[in-house]
Amino acid sequence: MSLFDLSGKIALVTGSGRGIGKGCAVELARAGADVIINDLNDGSDLRATAEEICAMGRQCFPIAGDVFSQQGCKELFSKALSQAGQIDILVSNPAYSHRAEFLDLEAEHWERTLQGTLSSGFFVSQLVADHMVQRGEGGKIVFISSVQAVMPIGLSVAYNAAKAGLDHMMKTIAVELSSHRINVNSIQPGWIDTPLEWETWTEEAIAEQGALLPWGRLGTPQDIGQAAVFLCSEAADYVTCVTLPVDGAFRHRDCDVGRVANMMLDGSDEP
């Protein structure tokens, strides 16, 4: 049996109606897991994800609910256990982002970003971790972070802070749960081709900027989902308390040898 086989496992993926969350849910199902999926609304996104998972022959439990609040997380957790019976894997993916300059960022967007990205991850992981501890069979918890946890990208002060906090929170949780053999890690996606990007950028801008990345393209939700499969599998049983960048070298794009060579030809000594 493959070390990446997740047959017999039940995974909960929050924020999985589309984008990175959907990519994680689909890839976990492809690896054999049955999946509890969650989105804010019981709409077409959630139904489409459920249909794709069921088409693989896996069980899927779609649950609509707002996980931006502690009460919403409690309701999701209760429904998840009622329908699926147990949770072996958690992929925590909720997030909120509002681009604005630091001097203009309104308090409501600061608070909602931290609430949706950081507090939500805390509340849902606390519930699931307690369930895992009570079962005594270990478990896997993966937080979806961002390269912006370490890159101070402009117009994103709240999002950057929330993701940095998420990574540090992950490490503390990992340390405290290690004696229970619960692996806790995070994934730092780079620039990923999600529906939100298409709502923000033009097709021309996405194609142009993707070609400038070291890997020559934007990442995909599938790329992140495959990393989640690894961290949730037996292959990663000795991996905990780490952040895994999955960014096609996005963080190091200015180090590309071609870019440096071009600058040298231009007579520039500085990047």
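What follows is calculated from the coordinates using simple rules that are stated; it is not laboratory data. Note that this is a predicted model, so its numbers are computed, not measured. Here the Cβ positions follow ideal geometry from the backbone for every residue, glycine too, while neighbour counts run over all protein chains shown.
Compute the long axis of helix 120-135 from its Cα atoms, compare it with the longest principal axis of the Cα atoms of the chain, and write down the angle in degrees, 0 to 90, nearest 10.
40 degrees
Among D223, D45, D237, which comes first, second and so on when ranked by fewest other beta-carbon atoms within 10 Å?
D237, D45, D223
Between T243, T194, T202, which gets the highest mean-square fluctuation from a Gaussian network model of the chain, Cα cutoff 10 Å?
T202
When the chain is treated as a GNM, springs tying every alpha-carbon pair under 10 Å, which of G225, G32, G216 comes out with the largest mean-square fluctuation?
Maximum among the listed residues: G216.
Checking the table K9/K79; K74/K171; K140/K171 against a 19 Å threshold on Cα-Cα, which pairs fail?
Among K9/K79; K74/K171; K140/K171, the Cα-Cα distance tops 19 Å for K74/K171.
Just the ratio, please: alpha-carbon radius of gyration of the chain over 2.2 N^0.38 Å, N its number of residues. Could the numbers behind the result be given before it?
Details: Rg = 19.0 Å, N = 271, 2.2 N^0.38 = 18.5 Å.
Here the answer is 1.03, to two decimals.
In whole Å, what is the distance between the alpha-carbon centres of region 1-65 and region 146-216?
21 Å
Tell me, what is the percent relative contact order of the chain, built from C-alpha pairs under 8 Å that lie six or more residues apart?
Taking the mean separation of contacting Cα pairs over the length of the chain, I get 20 percent.
For q values of 0.10, 0.26 Å⁻¹, compute log₁₀ I(q)/I(0) with the Debye formula on a Cα-only model of region 87-167, without solvent.
-0.28, -1.15
Sort M1, M56 so that the residue with the fewest other Cβ atoms within 10 Å of its own Cβ comes first and the one with the most comes last.
Details: M1 7, M56 13.
Ranking M1, M56 by Cβ neighbours within 10 Å, fewest first, gives M1, M56.
Plugging the Kirkwood radius over Cα pairs into Stokes-Einstein for region 75-217, at a temperature of 37 °C and a viscosity of 0.692 mPa s, what D comes out in µm²/s? All intermediate terms of the calculation are to be shown ahead of the outcome.
Details: Rh = 16.8 Å.
Once the numbers are plugged in, D ends up at 196 µm²/s.
Can you tell me which of V175, V246, V35 moves the most in a GNM of the chain? Springs connect C-alpha atoms under 10 Å apart.
V175
In which sequence would C255, C60, C73 go, from the one with the fewest C-beta neighbours within 10 Å to the one with the most?
C255, C60, C73
Report the Stokes-Einstein translational diffusion coefficient (µm² s⁻¹, integer) for region 1-137, Rh taken as the Kirkwood radius over Cα pairs, at 25 °C with viscosity 0.890 mPa s.
159 µm²/s
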